[in-house]
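Input: a single structure, listed below in structure tokens.
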Amino acid sequence: EITGFAATALQPNSGAQGEYAGLMVIKAYHESRGDHHRNICLIPSSAHGTNPASAVMAGMKVVVTKSTEKGNIDVEDLREKAELHKDNLSCIMVTYP
């Protein structure tokens with residue numbers, strides 16, 4: 001009644017709420033495929049504190065990747081950790097420095 005539309009949906013798109021919602025969707029996707037073991041989230045060391053906190057709240061294990069002097073993701077370290085955790089990798093959180 002408020003909008004005049006037949007239906008509406010509200011969805012958190014940014015901030016900690018958006019991070020958490022996105023991670024829960026990723027987790028649900030893996031679980032729907034029977035991939036319950038996929039629980040590793042790669043997060044750069046330059047990420048804000050809410051990033052790893054959201055991942056832990058979503059039931060994931062955080063693996064921190066290195067950052068460069070300028071705060072960018074160290075791509076070589078990301079590659080190495082993705083390869084190391086490939087069997088359990090759930091997602092990679094890309095953040096801006």
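Nothing in this text is a laboratory measurement; each read-out follows from the coordinates by a stated rule. Quick caveat: nothing in here was measured; it's all calculated off a predicted structure. Ideal geometry is used to build each Cβ from the backbone, glycine not excepted, and the neighbour counts take in all protein chains shown.
Based solely on its DSSP helices, what 222 nm [θ] is calculated for the chain when runs of n ≥ 4 H residues each add -39,500 (n - 2.57) and the sum is averaged over all residues, nearest 500 deg cm²/dmol? Don't skip to the end; give the middle numbers.
Details: 3 runs with 36 residues, N = 97.
After summing the helix terms and dividing by the residues of the chain, the value is -11500 deg cm²/dmol.
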What list of ³J(HN,Hα) couplings, whole Hz, do you get for segment 81-94 from phi and the Karplus terms 6.51, -1.76, 1.60, once you set θ to phi - 60° and write x for glycine and proline?
6, 5, 5, 4, 9, 4, 6, 10, 5, 9, 6, 10, 9, 9
Which far-off residues, 5 or more places away or on another chain, put their amide H under 5 Å from the one on Asn39, with H placed in the peptide plane?
Ser90
Of all beta bridges DSSP finds with both residues in the chain, what is the antiparallel percent, to the nearest 5?
10 percent
Testing the spin-label approximation: label points 7 Å from Cα along Cα→Cβ at Met57 and Glu76. State their distance in nm.
3.6 nm
Along segment 25-34, Karplus-curve 3J(HN,Hα) (6.51, -1.76, 1.60; θ = phi - 60°) to the nearest Hz, with x for Gly and Pro, reads 5, 4, 4, 4, 4, 4, 5, 5, 9, x
Which translational diffusion coefficient, to the nearest whole µm²/s, is obtained for the chain from the Stokes-Einstein equation, given a Kirkwood hydrodynamic radius over C-alpha pairs, 25 °C and 0.890 mPa s?
168 µm²/s
Computed label-point distance, nm, for sites Gln11 and Asn88 using a 7 Å Cα→Cβ extension:
3.0 nm
Sticking with the crude label model, points 7 Å out along Cα→Cβ, report the distance from Thr95 to His48 in nm, one decimal please.
0.9 nm
Computed for the chain: size of charge dipole around the Cα centre, +1 on C-beta of each Lys and Arg, -1 on C-beta of each Asp and Glu, debye to nearest 20, value 100 debye
